[in-house]
Amino acid sequence: MLAFVALLAASCGSPGKPVDPAPVGNAGWPQPAHVGGPDATAGGSSDTSCNPLASLAPAASTAVPDSSTMSDIKKRGKLIAGVDQTTYLFGFRNPTSGNLEGFDIDMVYAIAKAIFGSADGHVQFRAIPSSQREEVLKKHQVDVVVRTYSITCSRKKDVEFSSVYYVAGQKILVPKESKAQKLSDLSGKLVCATKKSTSLAKIATDAAKPVPVSVDNWSDCLVMLQQGQVDAVSTDDTILAGMAAQDSTLEVRGEPLTQENYGIGVSKDRQDLVRYVNAVLDQIRGNGVWQDSYRRWVEARLGPASPPSPQYQ
């Protein structure tokens, strides 16, 4: 028994000299997955080989013709839409209900309502990063892409677009204590945008030479800005307004650097669907649906606006 007590005392003796943990300054926030630099395929907004805003003339009505893409969608029972789930105000998942909501989501519901008579239960959303918008259309994995999708001549070589349903402009988002007021104030600074976006192309080619940082989703840019891993985010004011609404320490600044004309993307071989979508957009511009959605989601952040006038070939 005495031997056991002695052994126990030895094992519980002096703990020795304490060892300091690693200095706090050595710790760092983890980065989102797939962070990169400039992207040579970004947006292609410098291509002026076409009139990007001229879409196919709308269908005569929103009735669904037999033997059409729309009748195939109706038989399937669901419109499949590629959307964002990370951009507050335009396409985001409501944390309370779990439902996707926003201005772009309302556009999807308007198309589904025209096809089915009601959108309830007739929409299948597929959340996609901006870099996959063309791919999912080419592979017919979705019927439409409604995802703050700027129309450019480069993109029109691969997909068809509806008429313009929203006009945005590229600005910057910075912490309120930042001295930067515009992109040209960010020379040598890290500026975040998503891959294959027109925003990333603008950052990469700006004369002030900011350093572009590319990510999969806009929410990744927001996290990196909050963690001090980038100095700014630069993209459409619509997207930045949603980020500022989520974090009161951030501020949208600058005059618009570009004009971003949003269209609904459709596969090249489904021109009847493009014409049908254009007929739906014409309808909601005139019956107040567009205006109601804008007032609900956007007006408080970006001020009053009217639906853009369509252009047709």
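The values are calculated or read from the model by the stated rules, or taken from the named source; none is laboratory data. This structure is a prediction, so every number in the text was calculated from the model and none was measured. Quick reminder, even Gly has a Cβ in these numbers, built from the backbone with ideal geometry, and neighbours come from all protein chains shown. Just the protein is used for accessible areas: all its heavy atoms, side chains included, with ligands, DNA and RNA removed. Shrake-Rupley method; radii C 1.70, N 1.55, O 1.52, S 1.80 Å.
Surface calculation, 1.4 Å probe, protein heavy atoms: THR86 sits at approximately 40 Å² accessible. Heavy-atom accessible area, probed at 1.4 angstrom with all protein chains present, ranks LYS139, LYS156 as LYS139, LYS156, highest first. Amide H contacts under 5 Å for TYR312: SER55, restricted to partners 5 or more places along the chain or on a different chain, H placed in the peptide plane at 1.01 Å from N. Amide H contacts under 5 Å for LEU79: VAL123, GLN124, restricted to partners 5 or more places along the chain or on a different chain, H placed in the peptide plane at 1.01 Å from N.
Between SER118 and LYS138, full extension at 0.36 nm per residue minus the direct alpha carbon distance yields a gain of 4.5 nm. The heavy atoms of ASP272 offer some 50 square angstrom of accessible surface to a 1.4 angstrom probe.
With both bridge residues required to lie in the chain, what share of the DSSP beta bridges run antiparallel, to the nearest 5%?
55 percent
Kirkwood radius for the stretch 109-189, taken over all pairs of different Cα atoms as the inverse mean of 1/r, rounds to 16.1 Å. Using the Cα gyration tensor of the stretch 169-225, with a ≥ b ≥ c the square roots of its eigenvalues, what is the shape: rounded (a/c below 1.5), prolate (a/b larger than b/c) or oblate (neither)? Note, shape of the stretch 169-225 comes out oblate.
Its Cα centre serving as origin, the chain has a Cβ charge dipole (Lys and Arg +1, Asp and Glu -1) of approximately 280 debye.
Under a 5 Å amide H cut-off, with hydrogens placed 1.01 Å from N, GLU251 pairs with VAL174, LYS176 among residues at least 5 apart or on other chains.
Which lysines have a Cα lying under 22 Å from the Cα of LYS139, excluding residues fewer than 8 positions away in the same chain? Straight-distance partners of LYS139: LYS74, LYS75, LYS78, LYS156, LYS157, LYS195, LYS196, LYS268.
For the set LEU53, LEU225, solvent exposure ranked by accessible area (probe 1.4 Å, protein chains only) runs largest to smallest as LEU53, LEU225.
Computed with the Debye formula from one identical point scatterer per Cα of the stretch 207-313, without solvent, the log10 of I(q)/I(0) at q = 0.17, 0.20, 0.22 Å⁻¹ comes to -1.00, -1.15, -1.23. Computed from phi, the 3J(HN,Hα) profile of the stretch 48-65 under the Karplus parametrisation 6.51, -1.76, 1.60 (θ = phi - 60°) reads 10, 7, 8, 9, x, 8, 7, 9, 5, 4, x, 5, 5, 7, 9, 5, 8, x Hz, with x in place of Gly and Pro. Hydrophobic, long helices, defined as DSSP H runs whose alpha-carbon span along the helix axis is 30 Å or greater and whose mean Kyte-Doolittle value is at least 0.0, do not occur in the chain. Evaluate E = 1/(1 + (r/R0)^6) for ALA245 and SER67, where r is the Cβ-Cβ distance and R0 equals 45 Å; express this FRET efficiency to the nearest 0.05. For R0 = 45 Å, the calculated efficiency reads 0.50. Taking a sphere under 13 Å around the Cβ of PRO308 and counting the other residues whose Cβ falls inside, with K and R at +1 and D and E at -1, yields a net charge of -1.
The simple Förster model, with R0 at 41 Å and r as the Cβ-Cβ distance, assigns ALA54 and ASN99 a FRET efficiency of 0.75.
Across all C-alpha atoms in the chain, the radius of gyration and Dmax reach 24.7, 101 Å. When only Cα pairs below 8 angstrom with a gap of at least 6 residues are kept, the chain shows a relative contact order of 27 percent. Between ASN287 and GLN311, the FRET efficiency from the beta-carbon distance, with R0 = 22 Å, is close to 0.60. Only protein heavy atoms count here; under a 1.4 Å probe, GLU134 has an accessible surface of about 30 Å². Stokes-Einstein, applied to the Kirkwood radius of the stretch 44-191 over Cα pairs at a viscosity of 0.890 mPa s and 25 °C, places its translational diffusion at 140 µm² s⁻¹. Charge tally for ASP104 (other residues, Cβ to Cβ under 9 Å; Lys, Arg +1; Asp, Glu -1): -1. A helix-only calculation puts the chain at -9000 deg cm²/dmol for mean residue ellipticity at 222 nm, using -39500 (n - 2.57) for each DSSP H run of at least four residues, averaged over all residues.
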